[in-house]
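Novice: This structure is in structure tokens; I'll ask about it shortly.
The values are calculated or read from the model by the stated rules, or taken from the named source; none is laboratory data. Nothing here was measured: the structure is a model prediction, and the numbers come from that model. No Cβ is skipped: glycine too gets one built from the backbone with ideal geometry, and neighbour counts run over all protein chains shown. Accessible surface is based on the protein model in full, side chains and every heavy atom, while ligands, DNA and RNA are left aside. Shrake-Rupley method; radii C 1.70, N 1.55, O 1.52, S 1.80 Å.
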Amino acid sequence: MRLFVIFVACCLGASANASAADISSISRLAAGPGNVLFVADWKTARVHAITLPEAAQKPPGAAFNILDLEPLLSKQVGGARITVEDMVARPGTAEVYVAVSYGAARTPALIVVTSDHKARRINLKAAKSTSIALRDAPTTDYEFWRETPERSFTVTDMKWRDGEIFIAGLSNQEFASTLRRVKYPFDSQQSITSVEIYHTGHNLIETRAPIRAMSFATLRGKPYLVAAYTCTPIVTIPLDDLKDGAHIRGKTIAELGYGNTPADMISYTKTEQGRTEDFLMLLNFERGASVIPVSQVEAASAGPGIDKLVPFSQTAGLDVTPAPLAGALRLDNLDEKSFIVVRRRLEKDTLQLVTVGKELSFRLTDFVSEYAFPEYRFKGDTFQLTNIKPRQDMLLKDEGFADQIKSLE
């Protein structure tokens, strides 16, 4: 009888619904199918699926140049100081959803922002939604470094793929690092897999520290999760291995640098000179960003992996390209042409929401160089006319500064 009661209680905990009005924190967002936006609430250990109003589809090419994002967001919460928790783009709409917390109580709010510098707070109390409770959520009241609750790592990243939400974070089990799979529309079922890795910089098998950023890649015809951990080992995990109750070891394929916390990872495709290639963009809090060709991930994952210490300050396993995205907090695909980035512009100490072209992964208008001076002319320099001006013209147009394109005269 006691086992039956426990079973019923667990099922009720997984299936009992709560509305978006009950959201008490937001750690991660994920764009789902159609008009669905997933919101992870670490305080209540739930994931909510909010149905957004219909929105018109927009062609690629929206240019975000919101260089004063903080007051725009603060105005939506009564002028309070805000902290950005996460950001995602709603596919095809040029709408960007920013989750913030504000005030002494760190009250959560969800705000939609558009490229015309308009912002609107989503009324969570009125939003149509469903939710699911996450099984075996952390119950400890421990705080890292006296300020960060362990429970806040219940959901460290969350991504939608083929009818499921994949949720990285912690559980209350002995092997705390956990990957959950939850089908949507929600039912009472969810898969929980504990994950361990060999940490190349720490020379340690780690079972507690969670995945901090993740995305997906097809490797040798099979679906994989590619994950980044603190300090920064890169790990591949076959999706077929993520089964309820399993304990698995991810394959460590690279070490990308000590003293770093991954912030985001997204997959994208780029076509250049007639060649289309798949990439991962890994955004980091301490190290800017890294462009990772999926072909390299595939080759590294086909090997035995790394099982020996990578000496302090060295990298190994992947030959990545640094991207100039220092100060970026969150990153997403806005459309086929551009990333959307929430960043703290270090030079000006301002919070900004801007587009960054996928072609070169930087904003020309961030820099004042020889080309920016009004006296500079491209005329008569074959190299500049062939290699530099076409790219600069493209970036100026994409960034919303077409009026700054220099003539050939």
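Novice: Hey, among Thr83, Thr51, Thr93, Thr114, which residue is of a type in the set (Ser, Thr, Tyr), modelled with pLDDT of 95 or more and more than 19 Å from Val341 (Cβ to Cβ)?
Specialist: Working: Thr83 fails: more than 19 Å from Val341 (Cβ to Cβ); Thr93 fails: more than 19 Å from Val341 (Cβ to Cβ); Thr114 fails: more than 19 Å from Val341 (Cβ to Cβ).
When all the criteria are applied, what remains is Thr51.
Novice: In the range 378-395, which residue that is out of contact with any Lys or Arg (no Cβ under 9 Å at 6 or more places or on another chain) and among the aliphatic types (A, V, I, L, M) is most open to solvent (accessible area, probe 1.4 Å)?
Specialist: Result: Met394.
Novice: Just give me the residues in the range 392-409 being outside any helix (DSSP H, G or I) and touching a helix residue (DSSP H, G or I) at 6+ places or on another chain (Cβ under 9 Å), in sequence order. Outline the logic, then answer.
Specialist: Taking the range 392-409 first, the residues outside any helix (DSSP H, G or I) are 399-401, 405-409.
Correct list: Glu399, Gly400, Phe401, Ile405, Lys406, Leu408.
Novice: In addition: Which one is most open to solvent (accessible area, probe 1.4 Å) among residues in the range 338-377 that are touching a Gly at 6+ places or on another chain (Cβ under 7 Å) and of a type outside the set (S, T, N, Q)? Let's see the steps before the verdict.
Specialist: Filtering the range 338-377 down to residues touching a Gly at 6+ places or on another chain (Cβ under 7 Å) leaves 338, 343-346.
Next, from what is left, pick out any that are of a type outside the set (S, T, N, Q): 343-346.
Working: Arg343: 24, Arg344: 73, Arg345: 34, Leu346: 120 Å².
The extreme case among them is Leu346.
Novice: Still on this model: Tell me, yes or no, whether the range 78-97 has at least one residue that is over 17 Å from Leu331 (Cβ atoms), of a type in the set (D, E, K, R) and outside any loop (DSSP other than H, G, I, E, B). Before you say what the answer is, go through the steps one by one.
Specialist: Pass one, the range 78-97, residues over 17 Å from Leu331 (Cβ atoms): 78-83, 92-93.
Narrowing further to those that are of a type in the set (D, E, K, R): 81.
Narrowing the set further to residues that are outside any loop (DSSP other than H, G, I, E, B) leaves none.
Looking for residues that are over 17 Å from Leu331 (Cβ atoms), of a type in the set (D, E, K, R) and outside any loop (DSSP other than H, G, I, E, B), one finds none in the range 78-97, hence no.
Novice: May I pose another question? Test Tyr198 against the criterion of being under 30 Å from Asn387 (Cβ atoms) and surrounded by fewer than 23 Cβ atoms within 10 Å (Cβ to Cβ), and give yes or no. Break it down into steps so the answer makes sense when it comes.
Specialist: Numbers: under 30 Å from Asn387 (Cβ atoms): no; surrounded by fewer than 23 Cβ atoms within 10 Å (Cβ to Cβ): yes.
So Tyr198 does not fit the description; no.
Novice: Please specify each residue of the range 43-53 satisfying the condition of being closer than 17 Å to Val88 by Cα and open to solvent by 20 Å² or more (accessible area, probe 1.4 Å). Give the steps one after another, and end with the answer.
Specialist: Pass one, the range 43-53, residues closer than 17 Å to Val88 by Cα: 47-53.
Correct list: Thr51, Pro53.
Novice: May I pose another question? Consider Lys358 carefully, then state whether it is closer than 30 Å to Lys389 by Cα and of a type outside the set (Phe, Trp, Tyr). Don't jump to the end; show me each part of the working.
Specialist: Values: closer than 30 Å to Lys389 by Cα: yes; of a type outside the set (Phe, Trp, Tyr): yes.
Considered against the rule, which asks whether it is closer than 30 Å to Lys389 by Cα and of a type outside the set (Phe, Trp, Tyr), Lys358 comes out as yes.
Novice: Sticking with this structure for a sec: Those residues that are at pLDDT 95 or above, of a type in the set (D, E, K, R) and more than 17 Å from the chain's Cα centre (by Cα), I need them from the range 304-344; list them, please.
Specialist: Within the range 304-344, Asp307, Lys308, Asp319 meet the criteria.
Novice: Quick one: in the range 155-176, which of the residues that are small (Gly, Ala, Ser) and in contact with a Phe, Trp or Tyr (Cβ under 9 Å, 6 or more places away or on another chain) is nearest to Arg249 (Cα to Cα)?
Specialist: Across the range 155-176, the extreme among qualifying residues is Ala176.
Novice: Do we have Asp349 as within 27 Å of Ser290 (Cα to Cα) and not β-branched (Val, Ile, Thr) here? Walk me through how you get there before you give the answer.
Specialist: Details: within 27 Å of Ser290 (Cα to Cα): yes; not β-branched (Val, Ile, Thr): yes.
Considered against the rule, which asks whether it is within 27 Å of Ser290 (Cα to Cα) and not β-branched (Val, Ile, Thr), Asp349 comes out as yes.
Novice: If the Cβ limit is 7 Å and pairs must be 6+ apart or interchain, which residue in the range 125-154 that is more than 21 Å from Val182 (Cα to Cα) pairs with which residue that is in a loop (DSSP other than H, G, I, E, B)?
Specialist: If the second residue must be in a loop (DSSP other than H, G, I, E, B), the pairs left are Glu150/Pro138; Glu150/Thr140; Glu150/Tyr142.
Novice: Give the range 325-372 a look and list any residue that's without any contact (Cβ under 8 Å) to a residue 24 or more places away in the chain and of a type in the set (Gly, Ala, Ser), or say none.
Specialist: Gly327, Ser369, Ala372 - these are the residues of the range 325-372 that are without any contact (Cβ under 8 Å) to a residue 24 or more places away in the chain and of a type in the set (Gly, Ala, Ser).
Novice: Check the range 147-170 and report whether any residue there is assigned to a helix (DSSP H, G or I) and open to solvent by 50 Å² or more (accessible area, probe 1.4 Å). Step through it out loud before you land on a result.
Specialist: Here is the first cut: in the range 147-170, the residues assigned to a helix (DSSP H, G or I) are 150-153.
Restricting the remaining residues to those that are open to solvent by 50 Å² or more (accessible area, probe 1.4 Å) gives 151.
There is at least one residue in the range 147-170 that is assigned to a helix (DSSP H, G or I) and open to solvent by 50 Å² or more (accessible area, probe 1.4 Å).
Novice: So, restricting to strands (runs of 3 or more DSSP E) that lie completely within the range 209-293, which ones have at least 1 residues that are buried (at least 23 other Cβ atoms within 10 Å of the Cβ) and within 15 Å of the chain's Cα centre (by Cα)?
Specialist: The qualifying strands (runs of 3 or more DSSP E) are 213-219, 222-228, 262-272, 275-284, 289-293.
Novice: Among the residues of the range 111-131, which ones are open to solvent by less than 60 Å² (accessible area, probe 1.4 Å) and part of a loop (DSSP other than H, G, I, E, B)?
Specialist: Restricting attention to the range 111-131, the residues satisfying the condition of being open to solvent by less than 60 Å² (accessible area, probe 1.4 Å) are 111-115, 119, 122, 124, 127, 129-131.
Scanning the range 111-131 gives Thr114, Ser115, Ile122, Leu124, Ala127.
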